[in-house]
Amino acid sequence: MSQTMLTIALPLALAWMMYCVGLTLTFADFKRVATFPKKILAGLTAQLIGLPLLAYALIHLLALPEPIAVGLWLLALAPGGASSNAITHLSGGDTALSISMTAISSLIIPISLPLMLPLVLSDTQLVIPVKMAILQLTAVTFVPVMFGMIMKQYIKAPWFSSFITFAGRSSLWALFFTVTITLAANTKVFNQLFSVGSIAAIVLCLSGMILGVIVAKALRGDKTLVKTLAIEVGIQNAGTAIFVAVVQLQRPELALTPLLYGVLMNIPALLIIHRNKRQGVLLKP
């Protein structure tokens, strides 16, 4: 049952969230992002260089044992994903920028992860299936987003406005559903919630968010950019890290930290979403 939830229900829930994201976007949003390449470059630098440096420092400062250390390192090398895009949308961030960063980083991961993994785990031959990674990203992110954008562009019927409102509300419930699936499929991590692995996972998440905020402030960005970079740098792709640990390296024990992270990262994410929703209510006349 757990395997079914992870392989079928979870991707469907993420795809629905991204479809809801697409209903809020126009093609002009992506043109606007392209006019600000510094934002994308700064965000990717924080993701692909800054966060691994933070993880490397945590590994040595906390003297983490190898399974925890390698799991944390895998997380730091697996930036972004459909979840971060959806969280950015629900938090009132720049969704187009978030998706653009995810698209670019996903093309870099197959090269950067194998090259940087030996810094913590030596004597490892690792090959990431590039085609699978691209197809997964396309199926869960781009196809639903583009479908939603096209529908918004061409469907002008009065009922569709009500449908967009419903979809926007349901995307929050879909996020809760993904959290529930993660918990249900990984109940074995509950006895590790107060371990050093949990401390390392939550510290990496929060320090990544802080790094994103610092980068956004350095760019003199507004609140939207601050939220976007905080989420994109702080929220990692736990699914990719788990895949590499279990399937590529065939060492399930290395997946413990990503599993803990997959649960704990939802705490700051949900707090940011709740704050955005609350501010939206307070701003209503």
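Listing Met149, Met209 from the residue with the fewest other Cβ atoms within 10 Å to the one with the most, what is the order?
Ascending number of Cβ neighbours within 10 Å: Met149, Met209.
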(request) With 23 Å as the limit, write out which pairs from Lys38/Lys152; Lys31/Lys152; Lys152/Lys227 have Cα-Cα distances beyond it, or answer none. (result) Lys38/Lys152; Lys152/Lys227
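Treat the count of other C-beta atoms within 10 Å as a stand-in for reagent exposure and order His274, His89, His60 from fewest to most. Write down the numbers at each step before the final one.
Details: His274 13, His89 29, His60 10.
Sorted ascending by nearby Cβ count, the order is His60, His274, His89.
FYI, it's all coordinate maths here, none of it is from the lab. Treat the numbers as computed from the prediction; the structure is a model and nothing was measured. Positions of Cβ are backbone-derived with ideal geometry, glycine not excepted, and every protein chain shown enters the neighbour counts.
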